Amino acid sequence: MKNNKAAARSRPRSRLAAAAGIALLVVLGLFAASLLGDPLSRAYSVHHAVDYANETWPGQDFQVTEVSFSPGWSYQVTVQSSTSQDTHFSLRVELGVVRSTDYASQVETLNNTRSRIDAALTADVRAAMEAAGIRIDRYSVDIYDAHAPYEESSTDNTWSSGQVPADQIP
C-alpha cells in the first residue's frame, strides 16, 4: 500500500517536471530563433515583402535578390523588378509585417539610375585610360585621433591625405 501511494504522489510531479522541461525547451528555441532567425520566419517575411511590393507597385513582378536578418525576427528583403533594371529597393519586415521601404530614396529619386549610369561611365573611362597607359588608381588615407571619443570626432582631430595618385605612392 505504501508504495502505491508514493507512486501516485510522484506521477503528478513527474508530469509537471516534464511539462516544465518542454516549456523551457520551447522558450529557449524561440529565444534562439529570435536571435539567429529561422527558415519559417524568413520564408514568411520574404513572401510578405514580395506581396507588398507587387500590390503597392503593380505591374513590376518583383523577385527577391537578397535577404538579411537582424535579431528580433527582422528581415531586410531586397527586391528587383523584372520589368525595369533600375527598380530595386529594400523592405524592412518585422514579425511578418512590412515596416518600411527605401523605394522613395532609391527609385523615385532616380538614385538607382544614377548609380547604374555612373558605374557604366566609370568602367568606360577606366578602360579608355588603361588603353592609353594612364593609371587612374587613387588612394586616400584618413588618420583619426585614437584617444578622442567617437562622438567628438571632427576635423580638429582628423588628418586626411586627400586623393593621391597611385603612381606617387612609394
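The values are calculated or read from the model by the stated rules, or taken from the named source; none is laboratory data. It should be emphasised that the depicted structure is a prediction, and the values quoted were computed from it without experimental measurement. Reconstructed Cβ throughout: ideal geometry from the backbone, glycine too, with neighbour counts over all protein chains shown.
For Glu55, are the conditions met, namely being under 22 Å from the mean Cα position of the chain (by Cα) and not β-branched (Val, Ile, Thr)? Criteria not met by Glu55. Count of segment 49-86 residues, restricted to those that are without any contact (Cβ under 8 Å) to a residue 12 or more places away in the chain and acidic (Asp, Glu), is 2. For the criterion of being outside any helix (DSSP H, G or I) and under 22 Å from the mean Cα position of the chain (by Cα), Val77 passes.
Within segment 84-91, one or more residues are of a type in the set (A, V, I, L, M), surrounded by 17 or more Cβ atoms within 10 Å (Cβ to Cβ), modelled with pLDDT of 95 or more and part of a strand (DSSP E or B). When we screen Val46, Val67, Val50 for residues that are aliphatic (A, V, I, L, M) and assigned to a strand (DSSP E or B), the only hit is Val67.
Gly96 - would you say it is surrounded by 13 or more Cβ atoms within 10 Å (Cβ to Cβ) and on the phi > 0 side of the Ramachandran plot? So Gly96 passes the test.
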